[in-house]
């Protein structure tokens, strides 16, 4: 058990921050993201023997995190509680520049929050968890091409929403 614990400690050290950032984008709630991260790591630890290695460890952990988030949302819906979910968004210019501007970042967060899944989730996995399109496809049980197309559409939607809001503000 000592060797397995050491290996899992290494997995935690390498991937916990990325999984936390992904969960924070989904939940927009630090406490919930921390709770889901701990649940994700616990579930990963207890089911490590079922990990076949047919995807990256980070992909596997993000899949577990996504499933736990979906379970949380379903439970919240069943109790008629408000859902806290979100993410962020790119712009046609430079995503990094947009994030540097805090007010723009808040606007982008708000717009991504309004988007429906799978767009907001695919976008978050690509931008914040830095998963490849192949890994994103695996998370959803879809193809790499589906992930590329969904990400492209999400990006176009967000850019359109930003342009609409900018036009409205200048009127």
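Readers should treat all values here as calculations from the given coordinates under stated rules, not as data from a laboratory. These numbers were taken from a predicted model, which means no experiment stands behind them. All Cβ positions, glycine included, derive from the backbone under ideal geometry; neighbour counts span all protein chains shown.
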Exercise. With label points built 7 Å along Cα→Cβ from the Cα atoms of residue 35 and residue 109, find their separation and express it in nm.
Key: 1.9 nm
Exercise. Sticking with the crude label model, points 7 Å out along Cα→Cβ, report the distance from residue 153 to residue 57 in nm, one decimal please.
Key: 3.4 nm
Practice problem: Counting other beta carbons within 10 Å of each Cβ, put 64, 108, 159 in order, fewest first. | Solution: 159, 64, 108
